[in-house]
Structure formats: C-alpha cells, structure tokens
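What follows is a set of notes on a single structure, which appears directly below.
The values are calculated or read from the model by the stated rules, or taken from the named source; none is laboratory data. What you are looking at is a predicted structure, and each value in this text was computed from that prediction instead of being measured. Here the Cβ is made from the backbone with ideal geometry for all residues, glycine too, and neighbour counts use every protein chain on show. What goes into the accessible areas is simple: the full protein's heavy atoms, side chains included, and nothing from ligands, DNA or RNA. Shrake-Rupley method; radii C 1.70, N 1.55, O 1.52, S 1.80 Å.
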Amino acid sequence: MTIDVPSCIRPFALPGDRRHFEKDVPFTLRHLRLDVTLDFESRSVAGTVRLTLLPVTNGTSEVHLDAREMRVTAVRGREGEPLRFTHANGGLRVALPGPFERGRPQEIEVAYQATPRRGLYFVSRDQAWTQGEAEDTRYWFPCLDLPSAKSTSEVRVTVPSGLFALSNGVLVEEHEDPTAGRKTFHWRHDVPHPAYLVSLAVGPFAEVVDDRNGIQIRYYVPADRVGDARRAFGRTPEMIERFSSLLGVPYPYPKYAQVVVDDFIFGGMENTTATTMHRFVLLDERAAIDFTADHIVAHELAHQWFGDLVTCREWSEGWLNEGFATFFESVDLEHHEGREEAAFYRMAEVTRFIEEDSGRYRRAIVERTYREPIDLFDRHLYEKAGAVLHMLRRKLGEEGFWRSIQLYLERHRGGAVETTDLVRAIEETTGRSIRRFFDQWVHSAGFPELEAIYAWDGDARLARLTIRQKRTEGTNLFHLELPVFFGKGSARECREIVVAEEHETFAFALPFEPERVVIDPWEDVLGRIKLDPGREMLLTQLREEPEAPARARAAEVLGAAHGDLEVLDALGASLASDRFWAVQAAAATALGETRSGRALEILASHTSVAHPKARRAVAKALGNFRDPGAARALQAMLENEPSWFVNAEALRSLGKTRVPDALDTLVRALDQDSYEDQIRVGALDGLAEKRDDRAIPIAMERTGAGHYATVRSAACRTLGKLGENKSEVREQLQRVLDDSDLRVRIAALRALGELGDPRALGAIDRVVERDLDGRVVRVAREVARDLGTGRRWTDELGALRDTVEKTRQAARALEDRVALLEARLKKEA
C-alpha cells in the first residue's frame, strides 16, 4: 500500500517516563477467594479476600500486596489470628507470624472497604462492572496486581435481589435472602489467571443460552435487546470450534459468557470465561447492513487462549496477548468471508498503525519505557503485532505455524510468557532460525518503505526491478522476502526476491514481455511499497490481476499519477463492475483524488453501487469536490440510503463541499436517531468541514451532558476545527475536560491541541495531575508537549490550504476542457 507519511518521527517516551521491570515476588499465589457485598446506594464494596500463598524461598516473613484507595480493617492468618500490617501509598505490607519454609502454603485474609474510583464502576442504580486491565484491580480488592501472578479463584458476591452477578468460571451456587432483599452468587474458576482478569458484571440482564459441545455459552444483554444478541454473538460457538481446531488446544474452560454493559471504558475485555462488551456490539438491522461485531467477538474469544490461559509475563510483552487476539480477527474473517475480505481488513489495520507510527510516535512492539502500562495499548501493540503474526504465518507455512503455536500454548498453559518463549517454540517445532525476524519486527521500531522502478530489456529478454529502501529516523534497514508476479494474459510467472540493502537491482529472465508486474500482490508484508510500472501496465493490472489487493493498488496509483480521461473511464468501469467491493471502493477513492470534472460525473452516477461499503467510498470521494454537483449527489444519497454508515459519510462529505445550503441539511440531521448516533456524529463532522462559524454554538451545546458520549466527542472535534483564536471555544473545551466519559475528555484534549492556544496548558496540566484514566493522561501529556513547543496550525496556513485547493480545482477543470477538446479534434480528424 502507499501511504504518504511525514519525515519527522517522534519518540514514544515522554519526559518523566521510566523503564519498568518485573518486581521481586518471593511467593507464588495459588488461590484467591473473594467474598464481597456491593452497596449501590453508597457505590461501595466491602468484604474479605483470602489468599493462599506458597513461599518460593526459605525465610519469607512478609507479603506485599497492592491495595489503593481503600480502608483495610483487619488482616488475619490461617487460624484467624490477627496479623500486623502497614497500609500506605497504595501498598499493603503484611507481617507473617514467623519466617516460613519454601513450599509450605500460607493463608492470609484481608478485610476491607472501598468506594472505588477505578476498577469497579457503579454506572447506574442497578448496574456495576469491573475493569482490571492493566493495574486497576487493586482499587476494588487487595491483590497481587501483576500479569504474571496467576491463581485459581472464587468470587462470592452479594447484590440486591432482582439483579444477576456474573463472574469467572462456573456458578457453584446462588442463594436468595428475601428478608434482606439480597442475593448471593458463588463462582469458582479452577484454571490459574491473573488478578486483572477477575471480573464482576452485575445488572438486570436477560440470559440467552447457546450451549455447544458441553460448553456453557451464554450471552447477557439488556432485556429489550435479546433479539440483537443473536446478531452480535451468534457465531460464537462456531468460532470456539474453529479456534480450538486451528490451535490444537481445545477451548480450555467449561463456560464462555459475554455480557453487554453500559458506559464500558473499552470495546471489550477478555475476563477469563466472562468477557465484558461495550453496547456497540448490539447492532440494529440498519447497522448490520455493513457492520458486524464478529471482529471484537473473535478478538475477545482468542484472548481466552492468548492472555488468559497463557499470559504475558510483564506489560512490556503485552503484544503476546493483544497481537494474537488482533491476528485472530482476520483469521476468523478469512475463514468466514474469504481471503480477500481478510486481506483488506488487515490492510486497514496496517494503515492505522502507519498513521500512528508516522504521526504520533514510533516505538518497538516490546517497550519498557512508559509512565503507566496502559500507555502501551496502542496501534503498535494491536495492529502492528497482529500484522507481524500474519507475516510469521506466511513465513512458516500453515503446518509449521500452527504446530508451533500449539507447542507454545501447551508448554506454558496456565503460566506467564515472554517473546523468547514463542521464539523457542517455533524454532523447536520448525528447525528454523527466526531471530532476525523477531529482531526487526518486534524488538525494533518502524516499518519498511520501498520504492521500486520497473524496466523491460527487450534485447536481453529481462525484466529489471530496481528497489530503493528508504532509511527513516529510528529505523534500520529491513530484510524482506518478497514475491514478484509478472503476467501476460492468463500466463503468470512468480519470482522471489530478498531485499536487504539500501539500493538493489534484480533481473529476471521471462518467457514473455510482461503486461503486468506486482510486488506482494496480497499485501502480506507490513510496509509501504511504491511501484508505478506505467499507465498501460496499471490499466491492465486494474482489469486483469486476479488478486483484489493488486487491482486496488493499481487504482490508487492510477488516480494519483495518471488522471487522463481514459484512466478516469477505466476507474469508472472498475467502480461499476469489479467483482470485489474493496476494489470498487479504491476506484472511487482514486477518482476523488483526481478532483476532475469527469471524475465527479462518474462518482455522481454511481451513488447506488450495490455494496454499502463501496457506496460509503463513493460518498467520501464526493467530498473532494467543492462543487454543487457533488452536493446534489450527496443530498440524493441521503434521501434513499438504508445504511447508517453511508449516510454519516455523506453528511461529512456534504460539509466538505462547502455549498451554502449544506448547513441546513446538516443541522436537520442532528435530530435523527441512529445506531450509536452515527448520523449526529456524521452531521457534526460535516459542520466541522463546512468551516462555517454558525456551527460553533451548535457544537458547543452538544458538548453538554444531555447528549451521548459519541455526540459530545464529535462536538469537541468540530470545535477543534472551527474555534481557533476564539477564547469562548477554548474555555468550553477546557470545561469538557471534566466530562464523565474518557473518550469525550480525550476528544476535548485533542481539540485543544488543534486550536494551538498555549493558554490551555494550565487546564491540560491539571488533567495530567488529576485524571484517573491513563489513556487520558497520555494524550494530555502529548498535547501539552505539542503546545509547549508551538506545534499548531496557524491562520496563514489554513488560508494557504484553501488557496491551494481552489487552484487545484481550477487546474483540473482546465485539464478537463483541454482533454475534451483534444478528443473532439481527434474524432474530427
């Protein structure tokens, strides 16, 4: 794929970050038993946690636990005897009654009470849930809050009658106390897992039973969304069977539950046997036209093996959890929808990683320098790591890869791992040395950027390919194994090359002069490869190449560098009739990039292309034209379009056209209900693109608490684009920094960064000092850094951009007129 990136690469580490290493733990945690009562009125939890410990050295006399923002009332030993303890600075230090011998089990019981601000969230009068990753379990019960500290568990929880409480493992018993108006649930999980995966989800949930092959499979949703539960989770049994078969390790637990809660702070969380999900997984019929929850269902299910059964030893190795889970999203998609769907899904993930790597910061996947572990949960840990595993699969082949993963899981079942453990399992299984692969992709930063030049030597009957590998800041040269395909008609020749130097030339003897040449046609390699073999070869590639990613790449290059009328018509034909939607979408995008009158005509005549994702691309491409014709086409789409997402994209693009009457349409759309408020979000984004100050009070009002978080976030983005040099906008965004939803606070921070007003630094610094969510703090620190160094858009730059865009549109119109005149003259001749 070709993604233009800036030359300035930023470091990941910020001032004050430090290197982290696993701390000493002189005992093994064998079992924890939690017995708690939730009080919804006071939003508090009280009870005991009983820990069974096994000293690993002789003379162990103290136990250090994590316990933040709680009151510890007593600590007792195995026989109930009181033990001395010190509780300060988030740590609980317990003095054992005497030095103990290695291997002799000990028990301590801690009684406590907490009103948590993290870890356990009371989101309404009848719903509460936990979120422990990365280090938040310590806020709702005393524990050893390390990913490597794994134990079996029991959770006994008492809640108000009428509510259901879900936790890890199997339900041992439930007991109702009608007199007290309470009900107690007792859960037990007999496979070791870390504290951050201990879960509670309490609420008036409806249960959907979907048992399969002796595994209890349950979905817990609001009572009025039972019909949507099957749409969201219905493929879960199939996925369990498929993943078990691929891995050679059957699903390791007797139960798998998925529960949908309100206001969840992640998309999903893989609590062992009991995944918690954000409500967006519950699609309505119109959302399901072109969206599915399968990716997140597959992701969290894969975690039951990668992260739960086998857990990263420390957070710097978190890719062994998240990378595998992300990888399995495309594994499932390939099985269910085909290789082309999986390829484009993965390509989109790679694009998101490259945008982060090139625009936000660059780091290696394994990284020890950070402020909080949650800083690491980014596009490098998820998308890049998933793409690296895909490359590893291609490198080892199906048998070698899956046998290696089976050994890795079986050897470390119930334990904690680091990257070296995976490397050793692969090398033992396959006999191949893969240290260089892991060094360049996992332990080093960046990605490869290649520029290739193709030439045909007719006298020697040789195809020549010259490749330059770009050296960028913080990146070494990569060692890459790449397939090169040459085609003529139905004939194809494949050659493998190894790129390892800054500048190399390859020559290939072929039985024909190629009409097409493609490097890495399935886009398996993470990186950028630029190749323009010429207009005619690209047109042939667009029409004839069998791999959809290669056809899409041809459309992209044609639109960027060869925008004549024949090319535009060829892109139009691809948009109309290519057999795969993503190629149609690439053709639409390429047409939009040309910004020519003929391209606008083609796009406007294809707003009803069959696949909704292709229609979404058409709608987005129309936004490149500041032309009433584009606005009319978008208005027509809005009248008849069934997809929420296509409608939202059309609203964004309508704003980009800047036509005078777009404002009224966008404002009216703010009154339309839709799945996750996609229409209101699209309308607000469109108002931002309209660059009309009349939208400022509209957006400011929608940052208020009476609107859903998705709307408040979009309103912040709008203000960030419209509010430069307007103190009232900056002050409103500063007030939004106290919003209850972390995503809204992040949107407000980024909007303040876009405004570029250093007067916001005081408010941003207070976020760094006080905010409870590490993700918010990380963004605040980045924005503060940028404002402190004066990185912002200026009025002059914005005006220059508008001038350049108007000049480009005028030039394209002139080119169209010249091309039409030339065509007319040829016809008359």
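Please list, in chain and number order, the residues 5+ apart from ALA274 or on another chain whose amide H is under 5 Å from its amide H, with Hs placed from the backbone.
ALA257
Among the listed pairs LYS384/LYS690; LYS384/LYS613; LYS470/LYS656; LYS620/LYS726, which are separated by more than 32 Å between their Cα atoms?
Table pairs above 32 Å Cα-Cα are LYS384/LYS690; LYS470/LYS656.
By per-residue mean of other Cβ atoms within 10 Å, what is the highest-first order of 720-730, 641-651? Please report the intermediate quantities before stating the final value.
Numbers: 720-730: 18.5, 641-651: 24.9.
Per-residue mean Cβ counts within 10 Å order the peptides as 641-651, 720-730.
Would you mind working out the magnitude of the charge dipole of the chain relative to its Cα centre, with +1 at each Lys and Arg C-beta and -1 at each Asp and Glu C-beta, to the nearest 20 Debye? Walk me through the numbers on the way to the answer.
On the way: 115 positive and 133 negative charges, 234 e Å.
Dipole size: approximately 1120 debye.
Could you tell me the center-to-center distance, by alpha carbons, between the range 605-655 and the range 197-225 in angstrom?
Computed from Cα coordinates, the inter-centre distance equals 39 Å.
Apply the Karplus parameterisation 6.51 cos²θ - 1.76 cosθ + 1.60, with θ equal to phi minus 60°, to every residue of the range 411-420 and state each ³J(HN,Hα) to the nearest whole Hz, in sequence, with x for glycine and proline.
My calculation for the range 411-420 gives 5, 10, 3, x, x, 10, 9, 9, 4, 4 Hz in order.
Projected onto the charge dipole of the range 405-507 (+1 at Lys/Arg Cβ, -1 at Asp/Glu Cβ, origin at the Cα centre), which of CYS494, THR420, TYR454 gives the Cα projection farthest towards the positive end?
Result: CYS494, furthest along the dipole toward the positive end.
Would you mind putting 436-445, 134-143 in packing order, based on average other-beta-carbon counts within 10 Å, highest first?
By packing density, highest mean first, the sequence is 134-143, 436-445.
Report, in degrees rounded to the nearest 10, the 0 to 90 angle that the Cα long axis of helix 565-577 makes with the longest principal axis of the chain.
The angle comes out at about 50 degrees.
Show me 172-181, 704-713, 617-626 ranked by packing, highest mean number of other Cβ atoms within 10 Å first.
Packing proxy ranking, top to bottom: 617-626, 704-713, 172-181.
In whole Hz and in residue order, list the ³J(HN,Hα) couplings for the range 495-505 that follow from phi through the Karplus curve 6.51 cos²θ - 1.76 cosθ + 1.60, θ = phi - 60°; x for Gly and Pro.
10, 9, 10, 10, 9, 9, 10, 6, 8, 9, 10
What label, among [x] 43.5; [y] 38.0; [z] 61.2, belongs to mean projected area of the Cα convex hull in nm² computed from the structure on display?
Of the labelled values, this structure produces [y].
With a sphere of radius 13 Å drawn around the Cβ of ILE9, what net charge do the other residues whose Cβ falls strictly inside it have (Lys, Arg +1; Asp, Glu -1)?
Net local charge, ILE9 excluded: +1.
For VAL310, what residues show an amide H to amide H distance below 5 Å, using hydrogens built from the backbone and excluding near sequence neighbours?
When sequence neighbours closer than 5 places are left aside, the close amide H contacts are GLY414.
From the phi of every residue in the range 358-367, what ³J(HN,Hα) in whole Hz does the Karplus formula 6.51 cos²θ - 1.76 cosθ + 1.60 yield, where θ is phi - 60° and glycine or proline is x?
Whole-Hz 3J(HN,Hα) from phi for the range 358-367: 8, x, 9, 5, 10, 8, 6, 4, 8, 9.
Sticking with the crude label model, points 7 Å out along Cα→Cβ, report the distance from ARG461 to ASP177 in nm, one decimal please.
Each label point lies 7 Å from its Cα, and together they span 9.0 nm.
Given the Cα-Cα distance of GLU536 and SER244 and 0.36 nm per residue of separation, how much length would full extension add, in nm?
100.4 nm
So, R0 is 35 Å and r is the distance between the beta-carbons of ARG579 and ARG279; what FRET efficiency does that work out to, to 0.05?
0.50
Rounded to the nearest 500, what is the chain's calculated 222 nm mean residue ellipticity when only DSSP H runs of at least 4 contribute -39500 (n - 2.57) each, over all residues?
-13000 deg cm²/dmol
Suppose every Lys and Arg Cβ carries +1 and every Asp and Glu Cβ carries -1, with no other charges. What dipole size does the range 586-683 come out with about its Cα centre, to the nearest 20 debye?
400 debye
Which residue, ASN271, GLN440, VAL517, has the largest displacement toward the positive end of the dipole of the chain when charges sit on each Cβ (Lys, Arg +1; Asp, Glu -1)?
Selected residue: GLN440.
In Å², what does the accessible area per residue of the chain work out to with a 1.4 Å probe?
40 Å²
Can you tell me the 0 to 90 degree angle between the C-alpha axis of helix 644-657 and the longest principal axis of the chain, rounded to 10?
50 degrees
Among PRO116, VAL260, VAL681, whose Cα projects farthest towards the positive end of the dipole of the chain, with charges put on the beta-carbon of Lys, Arg (+1) and Asp, Glu (-1)?
Among PRO116, VAL260, VAL681, the one farthest towards the positive end of the dipole of the chain is PRO116.
Quick one: length gained pulling GLU451 to LEU510 fully straight, 0.36 nm per residue minus the C-alpha distance?
This chain segment gains 19.0 nm when fully extended.
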